Amino acid sequence: MTHSLFPDLETDRLLLRGIAPQDADFIFRQFSDPDVTQYLMDEPPVKDRSEAQGIIDFFTAPGAAGNYHRWMVVRKSDGETMGTCGFHHWEKSYFRAEVGYDMQPAFWGQGYMREALRAILRVAFLNMELHRVDALIYVGNPRSILTVEKLGFKREGLLRDYFFLDNRYYDHYIYSLLKPEWENSISPACA
Ligand SMILES: CC(C)(COP(=O)(O)OP(=O)(O)OC[C@H]1O[C@@H](n2cnc3c(N)ncnc32)[C@H](O)[C@@H]1OP(=O)(O)O)[C@@H](O)C(=O)NCCC(=O)NCCS
């Protein structure tokens, strides 16, 4: 679903479009895939298609666009849906929100997520008028750590036993990118 605050976006290789009801099969596949969910400790893996539909309903509900948003990451060359990304925990009075992202393992290691995040960070700092974007990352998720570090996020600390899933606590790093840092990191041609 397109919203003026959260428009569909185009990059060199990607189309980012709002999550929609027809994405239920992909969302089910993605959030039940152990290679993906092993790094996502805030929610248990999706068990069936109706739970996947529930995720989509959450992101497409009336009023959602004012509070959170999820884009589908689609490869332009062949229309392949590869992953999702977006913002949640938007604290408007503090001008901050949290970024989330996931990619099918077949498409890791090609810089697709970094390209997608570059595009949605523009939305964060320009449309949502954020001052700060947070990223919470499981300490055992080196790919995700590299992805945000190469985008200029700074590690601020360790959140001990931050999420509890399947009878276990998981430490997470907290990263952030501040608007002035983002402004300094983009070339004038892209600003
Ligand atoms: C986190 C996740 C999206 C990272 O995926 P990724 O493909 O490794 O991330 P990037 O888009 O940043 O790609 C970087 C890699 O692509 C390579 N690459 C290839 N072509 C590239 C290009 N044109 N531009 C940039 N990088 C490129 C880079 O060298 C880099 O590989 P390296 O780290 O081995 O050197 C993925 O591991 C994932 O979905 N994990 C499961 C869900 C998850 O953990 N979500 C985040 C929770 S915090």
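Net charge around GLU98, counting only other residues with Cβ within less than 12 Å of its Cβ (Lys, Arg = +1; Asp, Glu = -1)?
Details: positive: ARG96, ARG132; negative: ASP42, GLU91, ASP134.
My count for the surroundings of GLU98 gives -1.
When a 1.4 Å probe is rolled over the protein heavy atoms, the share of accessible surface on region 1-150 that falls to carbon and sulfur comes to 52 percent. Each residue of the chain gets 122 Å³ once the volume of the Cα convex hull is shared out per residue. Do any of LYS47/LYS154; LYS76/LYS154; LYS150/LYS179; LYS47/LYS150 go past 26 Å between their Cα atoms, and which? Correct reply: LYS47/LYS154; LYS76/LYS154; LYS47/LYS150.
Protein heavy-atom accessible surface, 1.4 Å probe, per residue over region 62-109: 44 Å². The figure for VAL36 is an accessible area of roughly 10 square angstrom, using a 1.4 Å probe on the protein chains alone.
Summing -39500 (n - 2.57) over the DSSP H runs of n ≥ 4 in the chain and dividing by its residue number, what mean residue ellipticity at 222 nm do you reach, to the nearest 500 deg cm²/dmol? Don't skip to the end; give the middle numbers.
Numbers: 6 runs with 51 residues, N = 191.
Computed ellipticity for the chain at 222 nm equals -7500 deg cm²/dmol.
Only the Cβ atoms of Lys and Arg (+1) and of Asp and Glu (-1) were treated as charged; on that basis the dipole of the chain about its Cα centre amounts to roughly 440 debye.
The values are calculated or read from the model by the stated rules, or taken from the named source; none is laboratory data. Because the structure is predicted, anything quoted here is derived from the model rather than measured. A quick note on method: Cβ atoms are made from the backbone with ideal geometry, for glycine too, and the neighbour counts reach across all protein chains shown. What goes into the accessible areas is simple: the full protein's heavy atoms, side chains included, and nothing from ligands, DNA or RNA. Shrake-Rupley method; radii C 1.70, N 1.55, O 1.52, S 1.80 Å.
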